[in-house]
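The values are calculated or read from the model by the stated rules, or taken from the named source; none is laboratory data. As the structure is a computational prediction, the values presented were derived from the model and not from experiment. Every residue, glycine among them, receives a Cβ derived from its backbone with ideal geometry; neighbour counts consider all protein chains shown. Just so you know, the surface numbers come from the protein's heavy atoms only, side chains and all, with ligands and any DNA or RNA stripped out. Shrake-Rupley method; radii C 1.70, N 1.55, O 1.52, S 1.80 Å.
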There are 2 protein chains.
Amino acid sequence: MITTSFTEENYLKAIFHLSPQEAEAVSTNAIAEALQTKAASVTDMLKKLADKNLINYVKYQGVTLTHNGRQAAIGIIRKHRLWEVFLVDKLNFKWDEVHELAEDLEHINSAKLIDSLEAFLGFPKVDPHGDPIPDKNGVLKEPILVPVSKMNINQTGIISGVKEHSTLFLNYLEKTGLVLGKRVKVQDLIEFDGSVIIALDKQVLTISRDVAKNILIAV
Amino acid sequence: MITTSFTEENYLKAIFHLSPQEAEAVSTNAIAEALQTKAASVTDMLKKLADKNLINYVKYQGVTLTHNGRQAAIGIIRKHRLWEVFLVDKLNFKWDEVHELAEDLEHINSAKLIDSLEAFLGFPKVDPHGDPIPDKNGVLKEPILVPVSKMNINQTGIISGVKEHSTLFLNYLEKTGLVLGKRVKVQDLIEFDGSVIIALDKQVLTISRDVAKNILIAV
DNA sequence: TTTATTTTTTAGGCTAACCTAAAAAAATTA
DNA sequence: TAATTTTTTTAGGTTAGCCTAAAAAATAAA
């Protein structure tokens, strides 16, 4: 088993999130931006991760995760999302309060702990933001979700995730009643500014293009 | 609020455990031994902790915790013991499996998390080894427990704690049925080697002096 | 009370993860 | 294609926490 430090794990996770399907190589600057650090520091770490066979790194060409690196990243994401479920379901945290704490908890290293936690939580499929939880073998099923902005008039679906995780955004959704599990129907699309008029429960409301892009629907 | 690193917290906790009542100053070597590190490293850290007003440090004279240092240590112990209860009560860990994991979890820093956890667990008074859990104000009530080795013939009491926390010892207790909450009665004391003959449930068994010294009884 | 031993501290070095400033490579624009 | 801009890397330095070896202080023994 390769051991990874707290910091190395954060790099792996960042690389994963920046290119979940390995569609393209991730740039040094993008990682620096994601981790709020400097490009020079990223270069240092990329060399180390490459030595450990966790990433494929070619100077000036960006990086992709190796199989090992990807599995490590998925393992951390599994822990992050299970802890989020625990905080919301068992400790009554709100969905916008759990991210930072889960960022710490995800680095606690014990397969037995995390597998027991999963069982205790009843093997949840998704975290409080609708993101899927990888299973203990590292298999991550990305559900096919479309943003509200891509839906057609009269189409309906269940709110199943969000693309943006900021407290500001989640608070807005909460206040508006746009929470996970709700059924929405698109009533009209305003071409002028991209805003969308939707039916939610018995009410009708208008959301901006920015909001519509960040609410994900299972259709 | 003073922020403390992972390592600083471990030093504070070690100092606390080495002199819980501040009866006497703790020596550099004792800390090195407890933390499996070298005396020179301890000296480095003691200077830092003294600068932060967490310990009273006089060169060559050992250390005691300041009020702040003691409160910090108690806060970490509170977290450690609540996590142990969680692992045993909710995730079905055995009492001898939880210590190392709690050593990591105790450094997660969130008052809201730990207070919610405490409520979720039903405000337990003691951890799975019978050690008392400090309250959220940092008040730690040490119960008066006596080792079996100090009991008199015919005296009875409830097993309420252990002095030794090693897996080897806890496993032995488990196997023998000497677990928390059991009532025991001292039937005889063997002066020759200090072993003790006790009644437990309907059986009678003999325990060595070493074992008798490490089982704590509320009388 | 001098000598020997033990304990503790200082001095100087190491590694991980960060930084700034400068150099080199790649990408873009003219 | 040449010149400019952007991105990335290298070079050299910092801090936290650790180390070994040597010096200094405290304690114990002769």
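Would you be able to say whether some residue in segment B:125-133 is without any contact (Cβ under 8 Å) to a residue 60 or more places away in the chain, part of a loop (DSSP other than H, G, I, E, B), open to solvent by 50 Å² or more (accessible area, probe 1.4 Å) and touching a helix residue (DSSP H, G or I) at 6+ places or on another chain (Cβ under 8 Å)? No: segment B:125-133 contains no residue that is without any contact (Cβ under 8 Å) to a residue 60 or more places away in the chain, part of a loop (DSSP other than H, G, I, E, B), open to solvent by 50 Å² or more (accessible area, probe 1.4 Å) and touching a helix residue (DSSP H, G or I) at 6+ places or on another chain (Cβ under 8 Å). Just the residues that are of a type in the set (Val, Ile, Thr) and surrounded by fewer than 19 Cβ atoms within 10 Å (Cβ to Cβ), please, taken from segment A:92-109. Of everything in segment A:92-109, just one residue is of a type in the set (Val, Ile, Thr) and surrounded by fewer than 19 Cβ atoms within 10 Å (Cβ to Cβ), namely A:Ile108. Considering segment A:30-112, the qualifying helices (runs of 4 or more DSSP H), each wholly inside and each with 3 or more residues that are farther than 30 Å from A:Leu180 by Cβ, run over A:39-51, A:67-85.
When each of A:Ile159, A:Ile153 is tested for being assigned by TED's automatic domain parsing to the domain that holds A:Glu191, modelled with pLDDT under 95, of a type in the set (A, V, I, L, M) and part of a loop (DSSP other than H, G, I, E, B), the lone residue that passes is A:Ile153. Just give me the residues in segment B:194-213 being surrounded by fewer than 20 Cβ atoms within 10 Å (Cβ to Cβ) and part of a helix (DSSP H, G or I), in sequence order. Result: B:Arg209, B:Asp210, B:Lys213.
If the requirement is being assigned to a strand (DSSP E or B), open to solvent by less than 80 Å² (accessible area, probe 1.4 Å) and away from chain B (no Cβ under 14 Å), which of these qualifies: A:Val179, A:Val186, A:Val139? Sole residue among the options that is assigned to a strand (DSSP E or B), open to solvent by less than 80 Å² (accessible area, probe 1.4 Å) and away from chain B (no Cβ under 14 Å): A:Val186. If I ask for residues that are more than 13 Å from B:Thr4 (Cα to Cα) and either in contact (Cβ under 8 Å) with a residue 40 or more places away in the chain or open to solvent by 70 Å² or more (accessible area, probe 1.4 Å) (or both), which ones from segment B:56-69 would you list? Hits for segment B:56-69 are B:Asn56, B:Val58, B:Lys59, B:Tyr60, B:Gln61, B:Val63, B:Thr64, B:Leu65, B:His67. Every test in (1) within 8 Å of DNA strand D (Cβ to nearest atom); (2) open to solvent by less than 20 Å² (accessible area, probe 1.4 Å); (3) not acidic (Asp, Glu) is passed by B:Lys48 save one, and that test is (2).
Take the residues in segment B:127-150 that are over 12 Å from the mean Cα position of the chain (by Cα) and of a type in the set (Val, Ile, Thr), then tell me which one is modelled with the lowest pLDDT. Ranking the qualifying residues of segment B:127-150, first place goes to B:Ile144. Filtering segment A:16-52 to residues that are in contact (Cβ under 8 Å) with a residue 40 or more places away in the chain and near DNA strand C (Cβ under 7 Å from one of its atoms) leaves only A:Lys48. Restricting attention to segment A:164-176, which residues are in a loop (DSSP other than H, G, I, E, B) and surrounded by 13 or more Cβ atoms within 10 Å (Cβ to Cβ)? Answer for segment A:164-176, where residues must be in a loop (DSSP other than H, G, I, E, B) and surrounded by 13 or more Cβ atoms within 10 Å (Cβ to Cβ): A:Glu164, A:His165.
The C-beta contact set for segment A:1-12 (first residue near DNA strand C (Cβ under 8 Å from one of its atoms), second residue in a loop (DSSP other than H, G, I, E, B), distance under 7 angstrom, 6+ apart or interchain) comprises A:Phe6/A:His107. Could you tell me whether B:Asp89 is within 14 Å of another protein chain (Cβ to nearest Cβ), surrounded by fewer than 21 Cβ atoms within 10 Å (Cβ to Cβ), within 17 Å of the chain's Cα centre (by Cα) and more than 14 Å from DNA strand D (Cβ to nearest atom)? For B:Asp89, the condition - within 14 Å of another protein chain (Cβ to nearest Cβ), surrounded by fewer than 21 Cβ atoms within 10 Å (Cβ to Cβ), within 17 Å of the chain's Cα centre (by Cα) and more than 14 Å from DNA strand D (Cβ to nearest atom) - is not met. Within segment B:181-191, does at least one residue satisfy the condition of being in contact with a Pro (Cβ under 9 Å, 6 or more places away or on another chain) and under 18 Å from B:His129 (Cβ atoms)? There is no residue in segment B:181-191 that is in contact with a Pro (Cβ under 9 Å, 6 or more places away or on another chain) and under 18 Å from B:His129 (Cβ atoms).
Conditions (1) within 14 Å of chain A (Cβ to nearest Cβ); (2) of a type in the set (Val, Ile, Thr), marked per residue:
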position	(1), (2)
B:Glu84	yes, no
B:Phe93	yes, no
B:Glu103	yes, no
B:Asp115	yes, no
B:Val126	no, yes
B:Pro147	no, no
B:Met151	no, no
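Of all residues in segment A:4-29, those being part of a loop (DSSP other than H, G, I, E, B), open to solvent by 60 Å² or more (accessible area, probe 1.4 Å) and within 11 Å of DNA strand D (Cβ to nearest atom) number 0. Against the criterion of being outside the structural domain of A:Asp201 (by TED's automatic domain parsing), part of a loop (DSSP other than H, G, I, E, B) and surrounded by fewer than 18 Cβ atoms within 10 Å (Cβ to Cβ), A:Gly122 qualifies. Across segment A:148-158, not a single residue is classified as hydrophobic (A, V, I, L, M, F, W, C), free of Cβ contacts under 8 Å to residues at least 24 places away in the same chain and touching a strand residue (DSSP E or B) at 6+ places or on another chain (Cβ under 9 Å).
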